[in-house]
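What follows is a short report on a single structure.
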Amino acid sequence: MYRVEPSHGLGFAELDVARQVRCLASSAAFTRIPEPQLQALVESIAHAIGRADYHFQRFRMQRQRLDEIRAWAPGDVFFDAAVSTMHYELQALAGAARLLVDQLLSLIAKSHDQRDWEAVPIFRDLVVPGSSEDKPEIHRLRSHRDWFDLLNAYRNTFFHRGWAHGSGHFDSDGRQASEVPEMNALLVPDRASLTGRSRPYDWTYNDKTTVDDVGTGIYQGLNAMLADLCANAWTTAVPPPGRLAHDERPNIMVALPIPITLVIEDLLLAPIFSSRERAMAFVQLAPGLAEMVHAREAELLEVRSNSDLAPTPAISLSFARLTSDHATRTLMICLDPEPCDSGWSEFRSSSAVNVPLDELMRDNIRIASLPVDAPMTVYVWRKPFLIQ
């Protein structure tokens, strides 16, 4: 496992509410939903929460960057290409949040053996006592109607009515340009002007609503709604945190290659090769390997040496599938093995290392390495790596 700096500049940390949602898969509230469906729904909701959080963090990062630019700029920033990408992140946040509403309604409906409900009628129409919608979770969801109206108004406009924003950005310090929507990208239309099928030429800006108002309102309201449902409708607690701080947790998992081992006479052999051509030529020499390759039960993998698992550069391999029921008590890792006769009674190789089998089997992770003098790439035949 490794910890690397994310290419997008954000160290992703799963929110508490996302971890709560994952716990719903074992909640008694959803026993009516078949397990595969429940697992898929819960996982999808958790990912959508992560997606919304990612876009909000990107939005906030780009929004703060605009303030930093104005702090050093010698005059008015009347054009900045970065304002468009800030708006893109705001729109993506709204899309993810709106998707979450539909997913939550689907989860609630399935838990009551109902067909999926449409979000707008659920939030805006009266719920008739005794109707299929008269459920505790629906009433709790409806208590967040003001947030839904904010989200839905801007999300529908972002995705269905066209969008327009100013070319630059200005401090709200009394200068007139900060109040002109064509100039100030920090302004967004009044929510009241986004009704019906209104277009950019219909919008008003009397309320001086900003991207901060909309972005923060959507994000905080989303988290409040999710926390309310998890804690109060489904009584799901936040799982305890892990022992490591978020910025210390691995974010990459790497599976070491597990090479095919061959039993030849009294040898237990793990062959590796210095070139693809040598690996392909070996197929015809090793008993049974050609049949495995033809049946797609073996694949050729390029492996690079590293210094992470051995004190010096080495080709590190996993033998997690190896069993101890072999006559020989030694595993031989060989580079470019070639038989000297058809029975493999003798063979030669560029280099080799003998690994005591008993010692290897006592190690739970069962890793063995072939030392190399310099960084090197080799080729290994292995059974396909698949996570079931």
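The numbers here are math on the coordinates, done by the rules we state, and not lab data. For clarity, every value in this text was computed on a predicted model and none was experimentally measured. A quick note on method: Cβ atoms are made from the backbone with ideal geometry, for glycine too, and the neighbour counts reach across all protein chains shown.
Please give the contour-minus-distance gain from residue 326 to residue 192: 0.36 nm per residue of separation, less the Cα-Cα distance, rounded to one decimal in nm.
Result for the pair: 40.5 nm of gain on full extension.
Treating only the Cβ of Lys, Arg, Asp and Glu as charged (+1, +1, -1, -1), what charge dipole size does the range 262-382 show about its Cα centre? Round to the nearest 20 debye.
320 debye
So for the range 248-294, considering every pair of alpha-carbon atoms, how many percent are separated by more than 15 Å?
Value for the range 248-294 (Cα pairs over 15 Å): 57 percent.
Which FRET efficiency, nearest 0.05, do residue 112 and residue 290 yield, Cβ-Cβ r, R0 45 Å?
That gives a FRET efficiency of 0.20.
For the chain, with the dipole built from +1 on Lys and Arg beta-carbon atoms and -1 on Asp and Glu ones, taken about the Cα centre, which of 158, 320, 85 lies farthest toward the positive end?
Of the listed residues, the answer is 158.
On C-alpha positions alone, give me the angle between the axis of helix 82-111 and the longest principal axis of the chain, in degrees, nearest 10.
80 degrees
Only loop residues by DSSP count here, and only those with at most 16 other Cβ atoms within 10 Å; note down the GluC sites (Glu not before Pro) in the range 218-285 that meet that. Provide the component values of the computation, followed by the final result.
Numbers: sites: 248, 265, 277; in loops: 265.
Of the GluC sites (Glu not before Pro), the ones in loops of the range 218-285 whose Cβ has at most 16 other Cβ atoms within 10 Å are 265.
Could you give the angle, 0 to 90 degrees to the nearest 10, between helix 211-228's Cα long axis and the longest principal axis of the Cα atoms of the chain?
Orientation of helix 211-228: about 70 degrees from the principal axis.
Could you tell me which trypsin sites (Lys or Arg not before Pro) in the range 209-305 are loop residues by DSSP with no more than 11 other beta carbons within 10 angstrom of their beta carbon?
Loop-located and lightly packed - 243, 296.
Hey, what angle do you get for helix 145-160 against the long axis of the chain, alpha-carbon based, 0 to 90 degrees rounded to 10?
That helix lies at roughly 70 degrees to the long axis.
Which one of 24, 54, 42 has its Cα pushed farthest toward the positive end of the charge dipole of the range 23-63, where Lys and Arg give +1 and Asp and Glu give -1 at the Cβ?
The residue sitting most towards the positive pole is 54.
For the range 251-371, build the charge dipole from Cβ charges (+1 Lys, Arg; -1 Asp, Glu) around the Cα centre, then report which of 334, 257, 344 sits farthest towards its positive end.
Of 334, 257, 344, it is 257.
At residue 345 and residue 37, where each label point lies 7 Å from the Cα along Cα→Cβ, what is the point-to-point distance in nanometres?
Those two pseudo-labels are separated by 6.8 nm.
So how much slack lies between residue 4 and residue 220, counting 0.36 nm per residue of separation and subtracting their Cα-Cα distance, in nm?
74.9 nm
How big is the charge dipole of the range 107-240 about its Cα centre, in debye rounded to the nearest 20, if each Lys and Arg gets +1 on its Cβ and each Asp and Glu gets -1 on its Cβ?
320 debye
Over all directions, what mean area does the Cα convex hull of the range 270-368 project, stated in square nanometres? Walk me through the intermediate numbers first.
Values: hull surface 28.7 nm².
Projected area, direction-averaged: 7.2 nm².
Quick check on the range 1-160: take the gyration tensor over C-alpha atoms, sort the square-rooted eigenvalues as a ≥ b ≥ c, and tell me if it's rounded (a/c under 1.5), prolate or oblate.
oblate
Please sort 182-191, 62-71 by packing, taking for each peptide the average over its residues of neighbouring beta carbons within 10 angstrom, highest first.
Going by the mean number of other Cβ atoms within 10 Å, highest first, we get 182-191, 62-71.
May I ask you to order 43-50, 228-235 by the average number of other C-beta atoms within 10 Å around their residues, highest value first?
My ranking of the peptides, most packed first, is 43-50, 228-235.
Which lysines have a Cα lying under 16 Å from the Cα of residue 110, excluding residues fewer than 8 positions away in the same chain?
Counting by Cα, and skipping residues close in sequence, residue 110 has these lysines nearby: 135.
Give, in nm to one decimal, the length gained when the segment between residue 244 and residue 302 is fully stretched (0.36 nm per residue of separation minus the Cα-Cα distance).
17.6 nm
Find the percent of Cα-Cα distances in the chain that exceed 36 Å, and round it to a whole number.
For the chain, the share of Cα pairs beyond 36 Å comes to 51 percent.
What is the spin-label model distance, in nm, from residue 386 to residue 358 if the labels are put 7 Å beyond Cα along the C-beta direction?
Computed distance between label sites residue 386 and residue 358 equals 3.8 nm.
Treat the range 125-273 as a sphere of radius equal to its Kirkwood radius over Cα pairs and apply Stokes-Einstein at 10 °C in a medium of 1.306 mPa s; give the translational diffusion coefficient in µm²/s, rounded to a whole number. Let's see the in-between values first.
Details: Rh = 21.0 Å.
Estimated via Stokes-Einstein, D reaches 76 µm²/s.
Using helices alone, I'd like the mean residue ellipticity at 222 nm for the chain: each DSSP H run of four-plus residues gives -39500 (n - 2.57), total over residue count, nearest 500.
Mean residue ellipticity, 222 nm, calculated: -12000 deg cm²/dmol.
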